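Each remark here refers to the structure printed beneath this line.
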Amino acid sequence: MIRGALMLAAAATALAQTPPPKAPAVARKSAAAAALPNYNELKFPELRPIATPTIQSFTLPNGMQLLLLEDHELPLVNGTVLVRTGSAFDPPEKAGLAAFALQAMLQGGTAAKPGEELVRQFQDFGAELTGEVSPNLLSMSFSGLKDNGELVIDALKDGLTAPEFPQDRIDRLKAHLHNVIAHRNDAGPAILQREFVSMVFGKHSPYGAQVEHVNLDRINRGDLVSFHQRYFFPKNVTLALAGDFDAALMKQRLEVLFGEWKSEQPPIGAFPDVGRSMAPGKFLAENKDAARAFFAVGGAGTGQLDKDNPALEIMAGILAGGLDGRLNRLLRGNVDGLTASWTPGLGYPGLFEVSGTIANPFFTPKVLQTVYDELRKIRTEEVSDHELKTAKATALNRLVFGFDNQLSIMPRLAEYQYFNIPGDYTRQYQEALEAVTRADVLRVARERMDPDKLTTVVVANPTAFEAPLESLGGAPVNTIDLTIPAPKVEASVGDAASQRRARQLLARAQQAEGGADKLAAVTDYVQEIAYQFDISAGGAQANMTERWMAPNYVRQDTTSASGKISVYCDGKIGWIVSGGASGALLGVQLQQVQSNLFRTMFPLLVSDRAERKLTAIDDQTVEISDAGGNIVKIVFDNATGLPKNELYDAPVANGTVSVIETYADYREVNGLKIPFKVSIDLAGRKFQDLTIKSMQINAGLKVADLEKRP
Amino acid sequence: MIGLRFGALFLLGALFLPAQELRDYERKVSEFTLSNGLHFIILERHQAPIVSFHTYLNAGSTEDPARKTGLASLIARLAFNGTETIGTKNWPLEKKALEAVEAAFDRMDDERGKGFGAKAGAFAILQAGESTAMGDAFQQQNPDEYLRAIQENGGVALDSHATQDSIETSYSLPSNRVELWFVLESQRLAHPVFRDFYRERSKQAEDMAYLGESKSPARVRQSLLSAAFENLPYRNPVLGWPGDVVALRAGDAKDYLDTYGGPGNIVIAIVGDVDPAAAQRLAERYFGPIPARPHPPLVRSQESAQSGPKTVALWGDSPPYLIIGYKRPPEIHRDDPAFDILATILGDPQTGWLHQELVEQKEIAQSAEALSDFPAARYVNLFVVSATPAKDHTVEENQKAIDEIVARLQSRPIDAATLARVKNVLRGRFVRLLGGNQELAALLPDFYVTYGDWRKLFSVGENYDRVTAEEMQRVALEYLIPAHRTVAYLTSAPPPGGAASSHGGLQ
């Protein structure tokens, strides 16, 4: 190996010398490598043009679209079903419906093959069935061995047209998805991406909505059946097949197989516009457990066919498309996984996003400032020739990788067709990329990317920052509360019979109390209460004076061994004074007071005169609820007709706790029966006993007295 | 079976493809070995103008020297650090600066070694010296030049990682850039410079810090390995014990590669839009000059036979977790296919017995899985069953349910329908793997190294078809027994007051 020896010898000589001035060192380096070129001395031939395979396209008599592509390399038949629907059609109160329905179809099976029998059937054929929901597309994909190709498609047709949606499957799926929601804050990057998309498109927009426990709980089997009926009909479905088959024979077979599928529905309307209900700005999600900080800066992007996409892709590449990107060079030591991408959306605006992980959260403000500075800079001056050349080459070279895997080519082409992307899109995009100039990059940066209108999301522990994010100036910093809203118990809606029964029970109670009119005529009261906490809850004692005025004023003054506390609320807001310190009544405390106000006995017992729902849960129990989400169940004593218990969920710091109140020692005050003993159980355990020491009704209270601070 | 993991549970089953398919592939594959021992396997696929490259070094964490666990992984992480000509502004100057860095670390290790004799403040001074030396070296560097060369030329899917058995580096390029790979890769193998050694070392140690603190399924899995294996290096984490990793030095990497990184120990696969004759010429030109090295020593660790059940309990506040490993033979053993089938029968996410019984019917688990081999398959390893108990359910309940399933496997043969179905599942998955350049480029060297012939990719499948229900039963009886079993579980600590036994030990 003479050449090898030469190279080694020359290299050894170079290393043996003392460091020479720069020019000779370079020359020596070239000499040493003369036998073999350096990587940047290579000349490459032209890249072979990308050949997009041609698809055969048919429409069946029932309106179903067929796309076929023969590929005989492997003994497989792969297919994708595209259905024109998506999560953008989810009703806001049932966010997640489309995705749920799809999973229920995949896991629920058909009448003939319920549950995992359908999955087993696919497995018998060496096939897999999966699905995906995006805002404006629902797709199911399968891949099976060619030998069983026909059987697989038969099974697919059943799964597609006759899903069973068995209840036990639905329940299991719900439990699983509840668990997924409960864990959605486990990993920083997942939190970041979810919140970023949510902020950019708006939590109340179908494109940014998050699925919460309460949404899941509202979805029932009827919804799934309706969903399937509405969207799964031949004219709304495309079947794309690629693999080892004969296209003509396959077409015949499919005509026969799907010919009997004749359901009709009105055409599907347009997908909603992407509204942007969140103002752009900075959003901070506190994640105390995160050792690192995660950030994303960006906003809504462009559609797939926007003429500026090539230039925008290059702009993003110059910013942070690879190690040579401006931001990569500036932030190399501080940020991992730094990328900038302009991703066009299929059917709706995509995303522009600059994001990364900051290893040491201390540097978060500096990192963000650097990003903002570079976003401004790229709109001020043209990029350099070298940058343009590099980014262009990278983008062009990456384009070829869209078609490397047999399994992914057909679904992609089918999607293009679905979204009306022309057949020669890839070749056109390639030409457009080649034609981008420095002036183009400047123009699109100015016209399509406004740093003042971008959204910044940071997921981190802000106490670790060098300075608060407010120090960056510009848009104010809003907080994202990552707390996952607890599953709410929602009011029952009874039928007419149970509503009648509820009124009967209430009427009897009103009479037993002393009369509905007397109850309605109570405009205030004052009561003195002695509290005794159960041993397991600390065993303490307290005394409270409570003053209430219709409709919703309350003032409580409590004295105990730990001091004095006063609370006031006018139904909407209030204050709390505790040991000298005073503050607004907020959060859980406010909710607790409002919950108590809802259950003030006198107005509660004449709920039939108010805008409230009444349902009899059983022969003795009435559930009362209002539009504000307040719910209480009252159990009436069979013998006396008076309230025996109240059951409700009280708001606490991280959710709710179930409460049972029990009433005893009814005495008469001003002609009304009042329980003078109340015991309270929390989560099934004894919590406290209340004894009313005195009670005055209609004492002539004044709001000014109630709201006067101690 | 070779457990190539694409995703958590992906099994590789080399399945029965008719001889026709094998002949097709044989026509598309060229193989040759350079005189220095470097072996190339080239597979032509001309659908798209792209090529995938995969370099397989036949040494991994099993070859980590004692007290230097994590070394192979660290070497893998540094694959794109550059060479003596790529990534430097001035190699002679940089080399001197890097030597100064090494000297600084020598002094720091020395000072640390004094233990109580170390002088206060001396260490801080040495650390400052090390920072300065690093800064000097950085001045001479062209950071990320090697990586940029790949990315700017359209490189995608860059990956470099170590397993117990290998160090594998791969990426894909547009097919008109094939020569670029030859230049870059040959330089990397001949003259690597690990510029980011100490920075990556810190990151790797941080990644492994969870071994000290957390109570998580990953922690439990590591405990399983450390308990199950007495002497086989499989007992160590691939990424190393943190105490070992923080002490690794650049010289260790050099020694490792001197021993194991010779061309005779490397297999390279090139799959895609490539002309084999041209590729061979380029291989001779660029890789030919790399000097041959002697064969590396074989790891002689023999795992001692396990003669009784082992259990490891971890107590913590985290959600409970259970993992069970049964000792099983290496992948070249004739029983290997049966374990793949068993893992799918038990562990398929929807139709597997574990999911059906523990998750759906009994509702005692949130999820349950099976792995046919763990952590790797070249040596004696483990057939694994694991479960995450559902809320308010225990690891004991889950182990009991798993024991019942094992007993059923041992007491009667699996029904023909299930066996046929699972064989089809494995066949389908395998055929799908053959549709991608990257996947093929990863498979070919693996089979070559394990069986001596890439063709085994296609003919090992006959072994699946040959597995009968009776054989599966025999395998269950022979291997899935308490004497060969190790159990590791995570659960909350029992209440104080000597309740350890009442808490229920798992056997």
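Here is how the numbers come out for the structure above:
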quantity	calculated
Estimated buried accessible area (total), pair A and B, 1.4 Å, Å² to nearest 100	5800
Quotient of C-alpha Rg and 2.2 N^0.38 Å, computed over region A:358-411	1.78
Rg/Rg_globular for region A:538-638, with Rg_globular taken as 2.2 N^0.38 Å and Rg from C-alpha atoms	1.26
For region B:170-248, fraction of C-alpha pairs farther apart than 21 Å, in %	52
Dmax and Rg, reported as Rg then Dmax, of region B:311-410 (C-alpha, Å)	13.8, 43
Crossing angle, helix A:425-435 versus chain A [Cα axis fit, 0-90 degrees, rounded to tens]	70
Sequence of A:R667, B:R67 when ordered by accessible area, the most exposed leading, probe 1.4 angstrom	B:R67, A:R667
Helix A:587-598 vs. chain A, principal-axis angle (Cα, 0 to 90°, nearest 10)	40
Histogram of C-alpha separations across region A:151-257, 5 Å bin width, %	2, 9, 13, 15, 14, 13, 14, 10, 7, 4, 0
Sites A:W575 and A:D481 - FRET efficiency at Förster radius 25 Å, r taken between beta-carbons, to 0.05	0.60
Calculated P(r) of region B:172-319 - Cα pairs past 22 Å, %	62
Relative contact order (%) - chain A, alpha-carbon pairs under 8 angstrom, separation at least six	11
Alpha-carbon centroids, region A:336-398 and region A:175-212: separation in whole Å	24
Inverse of mean 1/r across different Cα pairs in region B:367-490, Kirkwood, Å	17.1
Centroid-to-centroid separation of region A:119-168 and region B:270-304 [C-alpha atoms, Å]	43
Anisotropy class of region A:477-566 from Cα gyration tensor, a/c 1.5 cut	oblate
Compactness of region A:356-496 - radius of gyration and Dmax, Cα, Å	23.0, 77
When each of A:K94/A:K262; B:K215/B:K391; A:K488/A:K633; B:K95/B:K254; A:K94/A:K203; A:K389/B:K89 is checked by Cα-Cα distance, pairs over 19 Å	A:K94/A:K262; A:K389/B:K89
Efficiency of FRET between B:K119 and A:N360 - r from beta-carbon atoms, R0 25 angstrom, step 0.05	0.25
Cα long-axis angle, helix A:188-201 against chain A (0 to 90 degrees, to the nearest 10)	80
Helical mean residue ellipticity (222 nm; -39500 (n - 2.57) per DSSP H run of 4+; nearest 500) of chain A	-10500 deg cm²/dmol
Axial C-alpha extent at least 27 Å, average Kyte-Doolittle at least -1.0 - helices from chain B (DSSP)	B:91-113
Karplus (6.51, -1.76, 1.60) ³J(HN,Hα), θ = phi - 60°, over region A:519-534, in Hz, Gly and Pro reported as x	4, 5, 7, 6, 10, 6, 7, 10, 9, 9, 10, 9, 9, 10, 6, 5
Rounded D (µm²/s) - region A:624-710, Kirkwood Rh over Cα pairs, Stokes-Einstein at 25 °C, 0.890 mPa s	159
20 Å binning of all Cα-Cα separations within chain A, expressed as whole percents from 0 upward	13, 33, 31, 17, 4, 1
Nonlocal amide H pairs with B:T88, under 5 Å, H built at 1.01 Å	B:N142
Viscosity 0.692 mPa s, 37 °C: Kirkwood-radius Stokes-Einstein D of region B:178-224 over Cα pairs, µm²/s	240
Surface/4 of the Cα convex hull for region A:122-182, nm²	5.5
Cα principal axis extents for region A:270-402, largest first, Å	43, 42, 32
Accessible area expressed per residue, the protein assembly as shown, with surrounding protein chains retained (probe 1.4 Å, Å²)	43
Euclidean distance between Cα centres, region A:450-482 to region B:326-350, Å	51
Members of region B:174-195 that become less accessible by 30 Å² or more once partner protein chains are added (1.4 angstrom probe, chain alone as reference)	B:P174, B:N176, B:R177, B:E179, B:L180, B:V183, B:H191
Whole-Å semi-axes of the ellipsoid equivalent to region A:223-327 (Cα gyration tensor, √5λ, descending)	44, 24, 17
Residue-wise HN-Hα coupling along region A:546-555, computed from phi with Karplus coefficients 6.51, -1.76, 1.60 (Hz; x: Gly, Pro)	10, 10, 10, 9, 5, x, 8, 9, 8, 9
Ranked packing of B:295-306, A:107-118, A:281-292, A:249-260, most packed first, by mean Cβ within 10 Å	A:107-118, A:281-292, A:249-260, B:295-306
Extension reserve of the A:A182-A:R508 stretch, reckoned as 0.36 nm per residue once the Cα distance is removed	113.0 nm
Projected area averaged over orientations for region A:73-176, convex hull of C-alpha atoms, nm²	7.0
Ordering of B:200-209, B:345-354 by packing [mean C-beta count within 10 Å, highest first]	B:345-354, B:200-209
Cα Rg over Rh - the protein assembly as shown, Kirkwood	1.00
Helix-only [θ]222 nm of chain B, DSSP H runs n ≥ 4, -39500 (n - 2.57) each, per residue, nearest 500	-13000 deg cm²/dmol
Rounded to the nearest 10 Å², the accessible area of B:E230 at probe 1.4 Å	120
Translational D in µm²/s for chain B (Stokes-Einstein at 20 °C, 1.002 mPa s, Kirkwood Rh from C-alpha pairs)	86
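The values are calculated or read from the model by the stated rules, or taken from the named source; none is laboratory data. As the structure is a prediction and not an experimental result, all values here were calculated from the model. Reconstructed Cβ throughout: ideal geometry from the backbone, glycine too, with neighbour counts over all protein chains shown. Areas reflect the complete protein model, heavy atoms only, side chains present, ligands, DNA and RNA absent. Shrake-Rupley method; radii C 1.70, N 1.55, O 1.52, S 1.80 Å.
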